[in-house]
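What follows is a set of notes on a single structure, which appears directly below.
The values are calculated or read from the model by the stated rules, or taken from the named source; none is laboratory data. Nothing here was measured: the structure is a model prediction, and the numbers come from that model. Neighbour counts are summed over all protein chains in view; Cβ atoms, including those assigned to glycine, are modelled from backbone coordinates with ideal geometry. We work out accessible area using only protein heavy atoms, side chains counted, and drop any ligands, DNA or RNA first. Shrake-Rupley method; radii C 1.70, N 1.55, O 1.52, S 1.80 Å.
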Number of protein chains: 2
Amino acid sequence: MGILWIVSSGPGSTQQLTPAAMKAIALADVIIGNAFYLDMLEQLLKNKQVIRSAMGKEVDRAREACRLAKDHTVAMVSGGDAGVYGMASIVLEMVEREFPSQEVIMLPGVTAATAAASRLGSPISGDHVTLSLSDLLTPWEIIEKRLGLAAQMGTPIALYNPKSRGRPLNLAKALKIMLTCRDPETPVGIVKNVFREGEETHITTLRELAENDDIVDMHSILIIGGEESRIWKEDEDVKGIITPRGYHRKYVY
Amino acid sequence: MGILWIVSSGPGSTQQLTPAAMKAIALADVIIGNAFYLDMLEQLLKNKQVIRSAMGKEVDRAREACRLAKDHTVAMVSGGDAGVYGMASIVLEMVEREFPSQEVIMLPGVTAATAAASRLGSPISGDHVTLSLSDLLTPWEIIEKRLGLAAQMGTPIALYNPKSRGRPLNLAKALKIMLTCRDPETPVGIVKNVFREGEETHITTLRELAENDDIVDMHSILIIGGEESRIWKEDEDVKGIITPRGYHRKYVY
């Protein structure tokens with residue numbers, strides 16, 4: 001019996017991939033993953049059997065990885081952290097149902113939300129909510145309910161999958177919900193292609209983004225500030241977003 | 001003028017530290033951080049000026065890092081991801097107020113929640129809430145409000161700082177709030193010292209943990225399952241927690 005590694009490959013560049021993840025890829029005979037993420041790891045894939053799968057094929061990919069792991073060392077590569085909108089859950093569902101004695105080892109990685117946050121200053125800093133606006137696997141009513149409660153929490157919110165061809169209006173609906181109980185001047189950070197070619201960051205406000213969200217695409221992560229978040233400036237130059245942790249409540253500095 | 005790197009050192013082991021973080025530590029003349037995290041990176045600190053600071057000294061540490069960065073290359077090391085309950089926000093507050101033209105570069109890392117999740121199966125998988133039960137910097141009433149809303153969201157919840165000597169009862173109060181609207185049989189995963197010496201994982205339920213939470217200490221991360229989370233078993237053997245992503249709503253498999 002082989003081993004099935006579920007390897008989190010981080011936001012893109014191999015500079016953000018952990019040594020443990022690299023080692024698992026090096027030890028594996030077979031590498032399987034979404035072509036988009038595998039292409040960024042090209043230098044690690046030489047002399048390997050590589051199975052490039054496509055978006056939307058996650059169930060088949062999970063089953064194939066389990067089948068191969070019966071007699072191979074398999075690395076299932078998943079972008080960001082595999083346990084957050086990644087392949088970990090569907091692979092374990094397969095193991096649970098069809099491959100119960102398969103050995104599986106999970107390796108964590110840098111998830112897109114904290115990668116994006118690092119490019120924006122410190123917009124998250126502490127308590128926060130992580131939501132996806134994709135209604136492919138979660139009914140939209142549930143997403144709306146979660147958005148409403150998250151808005152009331154007053155914490156920063158990291159939004160994955162803010163927009164895609166199939167659902168161009170979800171972001172506008174989400175921003176409308178936010179504006180029912182958040183200050184329109186709440187800072188919002190947008191990072192496109194974080195740690196990948198073509199990386200872009202933008203800092204705006206809920207109000208401005210609700211007027212025009214053309215800047216957001218399917219490769220973007222959004223961070224909506226919390227009630228205490230502010231735009232960080234040097235003179236008139238916008239440098240990022242700061243959400244204070246609360247030291248000002250305890251110390252004079 | 002020097003550079004100030006804010007380096008996320010991940011959950012502990014250098015096997016979970018990114019190459020970008022390692023490179024920043026290698027380039028720095030001065031390394032400053034909480035002794036607990038620096039001690040785990042000992043092999044990277046040879047021939048460096050190392051400033052070991054203590055818990056509770058974050059404001060002083062941030063100011064000292066900024067002062068040193070005027071004419072040194074400084075790496076401020078912060079455990080997990082520096083942008084999540086780490087040093088990023090207080091360092092940037094200092095830069096904003098007192099050192100406005102200081103160059104700062106942030107490097108993300110593996111945050112404790114996803115590190116812990118990887119040891120428990122796939123308990124987070126998608127939408128989730130991240131909260132800390134420490135009321136040192138956030139008033140307890142705000143934490144309670146957030147817990148109540150998070151419980152209603154029905155998503156998994158990652159709890160940082162679930163217990164400490166100074167606030168041994170916060171966890172019991174938090175579990176009581178959870179039980180007002182979550183099934184008592186909701187799975188709960190506990191990871192102590194994730195990716196560090198003495199790592200332990202435990203899988204229990206809200207009901208059991210509310211009866212006795214002695215197992216939780218200040219080095220633990222808790223993951224409370226969502227409405228769809230289940231305990232993953234092989235026969236009677238508990239293997240982890242699975243929160244399905246929702247493929248079962250779209251596909252037959």
| Per-region count, segment B:184-239, residues aliphatic (A, V, I, L, M), surrounded by 17 or more Cβ atoms within 10 Å (Cβ to Cβ) and part of a strand (DSSP E or B) | 9
| message | Just to be sure I understand, how many residues within segment A:24-34 are out of contact with any Asp or Glu (no Cβ under 9 Å at 6 or more places or on another chain) and closer than 27 Å to A:Ala117 by Cβ? | response | 3
| query | When only residues in segment A:22-37 that are buried (at least 16 other Cβ atoms within 10 Å of the Cβ) and touching a helix residue (DSSP H, G or I) at 6+ places or on another chain (Cβ under 9 Å) count, which is farthest from the other protein chains (Cβ to nearest Cβ)? | reply | A:Val30
| request: Evaluate segment B:31-47: report whether one residue or more is under 20 Å from B:Leu92 (Cβ atoms) and either assigned to a helix (DSSP H, G or I) or not assigned by TED's automatic domain parsing to the domain that holds B:Ala88 (or both). | output: yes
| said: Just the residues that are within 21 Å of B:Ser122 (Cβ to Cβ) and either within 11 Å of chain B (Cβ to nearest Cβ) or open to solvent by 10 Å² or more (accessible area, probe 1.4 Å) (or both), please, taken from segment A:3-15. | reply: A:Ile3, A:Trp5, A:Ile6, A:Val7, A:Ser8, A:Gly10, A:Pro11
| remark: Of the residues in segment A:112-125, those that are open to solvent by 10 Å² or more (accessible area, probe 1.4 Å) and within 29 Å of B:Gly148 (Cβ to Cβ) come to A:Ala112
| Among the residues of segment B:38-63, how many are within 10 Å of another protein chain (Cβ to nearest Cβ) and over 18 Å from the mean Cα position of the chain (by Cα)? | 4
| said: Condition check: open to solvent by less than 30 Å² (accessible area, probe 1.4 Å), touching a residue at least 24 places away in the same chain (Cβ under 8 Å) and not polar (S, T, N, Q). Does B:Leu179 satisfy that? | reply: no
| Selection from segment A:175-200 of residues that are among the hydroxyl-bearing types (Ser, Thr, Tyr) and touching a Leu at 6+ places or on another chain (Cβ under 6 Å) | A:Thr186
| request: Can you work out which of the residues in segment A:84-110 that are of a type outside the set (A, V, I, L, M, F, W, C) and open to solvent by 10 Å² or more (accessible area, probe 1.4 Å) is nearest to A:Ile31 (Cα to Cα)? | output: A:Glu103
| For B:Thr155: the one exception among (1) touching an Asp or Glu at 6+ places or on another chain (Cβ under 6 Å); (2) more than 10 Å from every other protein chain (Cβ to nearest Cβ) | (2)
| query | Does A:Ala158 satisfy the condition of being open to solvent by less than 10 Å² (accessible area, probe 1.4 Å) and touching a Pro at 6+ places or on another chain (Cβ under 9 Å)? | reply | yes
